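Beneath this line is the structure, given in structure tokens, with notes to follow.
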């Protein structure tokens, strides 16, 4: 059973921000796929502010070489959005794998980020696209890189009076890009391992490589030392083996040795081999 609360539907962003500022213990809701689960186990708020229908939080636009994604965009819409498919293929693929069709049609990109699950499918692709969140309150707005916004599992630096308005990403044109995921079942399943990648290569060399790994560490992360190793390196078995070794060692350094690594790390090794060999 859900705790008692008052539900309000915001028609504009300004209206949502006014309620956030004036109400005691409010919470933003778009799809509610994560929020309702938390409330069923006891998390309580005085007011829930529904922002799913606010026009300013919907849509995808391209400008000045970047792409701006409204925070209330659902996973289903993003998976089929033309500019995302063309310029951020890993994100479109990941959004198409989130949960079940019902969850993809309700859950939003902003809600996924605010929940900050280590297993969130959208976060690794957003990391390789250097995502920046636009956070707004009644008094001000600020831009925060995604890697700084998530501070711990299920915890962010987003203030309770702030709203995620949009997510800005940098296109990766000319890269071989994708997303690989391992889950217990094809649908209704939380990701057990996720890898987003974007690789640019020419004449037997890695010109650039961007990698992000989720569900192996407390927070999804980019193995920057591995990316530095690959940049400009000859594409051969020695380079690929060293890159994979470094990635696995960094995971162990961050998280120590976990029982799940008995199966996760061999699977991750296989994914990275496939991704880097192309």
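We did not get these values from a lab; they are worked out from the coordinates using the rules stated. Keep in mind the model is a prediction, meaning the values are calculated, not measured. Cβ atoms come from the backbone with ideal geometry, glycine included; neighbour counts cover every protein chain shown.
Any chance you could give the angle, 0 to 90 degrees and rounded to 10, that helix 13-22 forms with the longest Cα principal axis of the chain?
On a 0 to 90 degree scale, this one is about 70.
Only Cα pairs within less than 10 Å get springs; with that Gaussian network setup on the chain, which residue of 254, 69, 213 has the largest fluctuation?
254
Test of understanding: what is the full-extension gain from residue 161 to residue 105, defined as 0.36 nm times their sequence separation minus their Cα-Cα distance?
On the way: separation 56, 0.36 × 56 = 20.16 nm, distance 2.64 nm.
Result: 17.5 nm gained on full extension.
Just to verify a number: FRET efficiency for residue 2 and residue 152, C-beta to C-beta distance, R0 = 30 Å, to 0.05?
On the way: r = 26 Å, r/R0 = 0.86.
For residue 2 and residue 152, the calculated efficiency is 0.70.
Against the longest alpha carbon principal axis of the chain, how many degrees, from 0 to 90 and to the nearest 10, is the axis of helix 261-277 turned?
For helix 261-277, the angle is close to 70 degrees.
Any chance you could get the radius of gyration and Dmax over the Cα atoms of segment 124-221, in Å?
According to the Cα coordinates of segment 124-221, Rg and Dmax are 16.0, 53 Å.
Between residue 202 and residue 41, what length comes free when the chain is fully extended (0.36 nm per residue of separation minus the Cα-Cα distance, one decimal in nm)?
Values: separation 161, 0.36 × 161 = 57.96 nm, distance 5.22 nm.
My answer for the length gained is 52.7 nm.
For the chain, take the longest principal axis of its alpha carbons; what is the angle in degrees between that and the long axis of helix 237-255, to the nearest 10 within 0 to 90?
Value to nearest ten degrees: 40.
Just subtract the alpha-carbon distance of residue 21 and residue 86 from 0.36 nm times their residue separation and send over the number in nm, one decimal.
On the way: separation 65, 0.36 × 65 = 23.40 nm, distance 3.81 nm.
In short, 19.6 nm is gained.
Within segment 70-103, find all residues whose amide N lies under 17 Å from a label point positioned 7 Å from the Cα of residue 170 along Cα-to-beta-carbon.
Residues 87-91 fall inside that zone.
Taking 7 Å along the Cα-to-C-beta vector as the label spot, tell me the residue 143-residue 263 distance in nanometres, rounded to one decimal.
With each label point 7 Å from Cα toward Cβ, the separation is 4.3 nm.
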